[in-house]
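Step one of this worksheet: look at the structure below.
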Amino acid sequence: MPILTRPENMQRITTVELAEKFIAEQVADVRAQVGNKKVLLALSGGVDSSVVAALLIRAIGKQLVCVHVNHGLLRKGEPEQVIRVFKGEMDANLIYVDAVDRFLTKLAGVSDPETKRRIIGNEFIEVFAEEARRLEGVEFLAQGTIWPDILESEHGIKAHHNAGGLPEDLKFELVEPVRILFKDEVRVVGKALGLPDNMVYRQPFPGPGLGVRCLGAITRDRLEAVRESDAILREEFASAGLAGKVWQYFTIVPDFRSVGVKDGRRCDEWPVILRAVNTRDAMTATVEDLPFALLQRITDRITHEVRGVNRVLYDLTPKPTGTIEWE
Ligand code: XMP
């Protein structure tokens, strides 16, 4: 049986050697647990699910079936990277589901943030369950549960994302190979498994993705403005050496326009709001003191390269009084 509780005296995994030892133990445990049966995994491309995927590929190869659901709310280049890394480099058994139209149709006209979150969460479970029903011989469900998820659900802070969400007819035994690890340890293990740095050292990204950064009712054109401006912000942070130093940084596009001028003509277009914050636990946050020249460069690029945008604003609000996300 796999270890379910983090031993009191467990050494923090900080080196490749310690990671390799952990990986070898988990590989043996997973093989003993699942035998020759199939294991299903929802692979979002986030740190935890990516590390679980890489670990299980090492342990059981093609017995792992990864399902990557593209709900249209991922960052630019993310679905492509999941396919490249897992199918291309690791030869994974990967099912890619293009559910973009499905999600955006369900979300059309919905402006309440919590309703948006609920639709995205429910639709995700539905798409994943449909894929699961199509497969034969799957008895296990792998999850990227980590130790803080267990602690927080024990203390009633949040319900950790477990199989509870799946419909009644889908009963799986759980495989949770990084369950006893802290986040920093998951990253060390991911690195040892050969995952790329921009996957292992990613900033936190909310489950509902860009959906809560395209404020109000999501439209395809405004969602593209969020995705393109986010890609520019990330590029500029990387060039400035800020990627991995600033805790979370992203863009928001509100659902109002203002007057501007482009090519000598009046234009009514959206603003892009920049957010860059530092925090320890996301309960409070401070705003990154960005160099003015960098802000000017980002503004110049976004207003010239992103369709439908004529202004850029920097959100100077710490948490409290603002939250990190805008909805
Ligand atoms: P707030 O906006 O509450 O965000 O200050 C704190 C942290 O939580 C992330 N966040 C979410 N993560 N689902 C998630 O998985 C959500 O619905 C969600 N809302 C906010 C946010 O990105 C920040 O890191």
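The values are calculated or read from the model by the stated rules, or taken from the named source; none is laboratory data. Predicted model only: the values in this text are computed from it and were never measured. As a convention, Cβ positions derive from the backbone with ideal geometry for all residues, glycine included, and neighbour counts pool all protein chains shown.
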Problem - Which listed residue is touching a strand residue (DSSP E or B) at 6+ places or on another chain (Cβ under 8 Å), of a type in the set (D, E), modelled with pLDDT of 95 or more and buried (at least 16 other Cβ atoms within 10 Å of the Cβ), from E269, E327 - result: E269
Fill in the blank from the handout: Counted residues in the range 56-73 being assigned to a helix (DSSP H, G or I) and surrounded by fewer than 24 Cβ atoms within 10 Å (Cβ to Cβ) come to 7
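Scan the range 282-294 and give yes if some residue there is in a strand (DSSP E or B), in contact (Cβ under 8 Å) with a residue 40 or more places away in the chain and surrounded by 15 or more Cβ atoms within 10 Å (Cβ to Cβ), otherwise no.
The answer is no, given that none of the residues of the range 282-294 is in a strand (DSSP E or B), in contact (Cβ under 8 Å) with a residue 40 or more places away in the chain and surrounded by 15 or more Cβ atoms within 10 Å (Cβ to Cβ).
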Completion exercise
Scanning the range 221-265 for residues that are acidic (D, E) and either in contact (Cβ under 8 Å) with a residue 24 or more places away in the chain or under 16 Å from E78 (Cα atoms) (or both), the one surrounded by the most Cβ atoms within 10 Å (Cβ to Cβ) turns out to be D230
Practice task
Could you tell me whether any residue of the range 138-149 is loosely packed, with under 15 Cβ neighbours inside 10 Å, without any contact (Cβ under 8 Å) to a residue 40 or more places away in the chain and outside the structural domain of E235 (by TED's automatic domain parsing)?
Solution key: no
Exercise for the section: Return the total of residues in the range 286-320 being over 25 Å from the mean Cα position of the chain (by Cα) and among the polar types (S, T, N, Q). Expected result: 4
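One line per residue, one yes/no per condition, for (1) closer than 21 Å to E325 by Cα; (2) within 19 Å of the chain's Cα centre (by Cα); (3) modelled with pLDDT of 95 or more; (4) not assigned by TED's automatic domain parsing to the domain that holds D29:
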site	(1), (2), (3), (4)
S49	no, yes, yes, no
L74	yes, yes, yes, no
G88	no, no, yes, no
N93	no, no, yes, no
L104	yes, yes, yes, no
G109	yes, no, yes, no
Problem - Test result for G241, part of a loop (DSSP other than H, G, I, E, B) and away from the ligand (no atom under 16 Å from the Cβ) - result: yes
Exercise for the section: Look at R220 and say whether it is within 14 Å of the ligand (Cβ to nearest atom) and of a type in the set (D, E, K, R). Expected result: no
Practice task
State which residue pairs qualify: first residue on the phi > 0 side of the Ramachandran plot and inside the range 49-78, second residue surrounded by fewer than 24 Cβ atoms within 10 Å (Cβ to Cβ) and part of a helix (DSSP H, G or I) in any location, beta carbons under 7 Å apart, and separation of 6 or more residues or different chains.
Solution key: G72/V100; G72/F103; G72/L104
Handout entry: Close pairs from the range 298-327: first without any contact (Cβ under 8 Å) to a residue 24 or more places away in the chain and closer than 11 Å to L274 by Cα, partner β-branched (V, I, T) and away from the ligand (no atom under 11 Å from the Cβ), Cβ under 6 Å, at least 6 apart
Key = T299/V312
Problem - Some residue of the range 208-217 being part of a helix (DSSP H, G or I), within 11 Å of the ligand (Cβ to nearest atom), of a type in the set (V, I, T) and in contact (Cβ under 8 Å) with a residue 60 or more places away in the chain - result: yes
Handout entry: In the range 81-134, residue nearest to L166 (Cα to Cα) [restricted to those that are without any contact (Cβ under 8 Å) to a residue 40 or more places away in the chain and among the polar types (S, T, N, Q)]
Key = N122
Completion exercise
Checked pairs for the range 168-186, first in a helix (DSSP H, G or I), second surrounded by fewer than 16 Cβ atoms within 10 Å (Cβ to Cβ) and at pLDDT 95 or above, C-beta under 7 Å and 6 or more apart or across chains, list as E185/R12
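Condition check ((1) away from the ligand (no atom under 16 Å from the Cβ); (2) more than 19 Å from T219 (Cα to Cα); (3) assigned by TED's automatic domain parsing to the domain that holds E114) across all residues:
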site	(1), (2), (3)
E269	yes, no, no
L274	no, yes, no
T279	no, yes, no
F292	yes, yes, no
Handout entry: Residue match in the range 252-263 (condition: assigned to a loop (DSSP other than H, G, I, E, B), more than 30 Å from A217 (Cβ to Cβ) and among the acidic types (D, E))
Key = no
Completion exercise
If you go through R84, R118, the only one that is in a helix (DSSP H, G or I), within 16 Å of the ligand (Cβ to nearest atom) and surrounded by fewer than 16 Cβ atoms within 10 Å (Cβ to Cβ) is R118
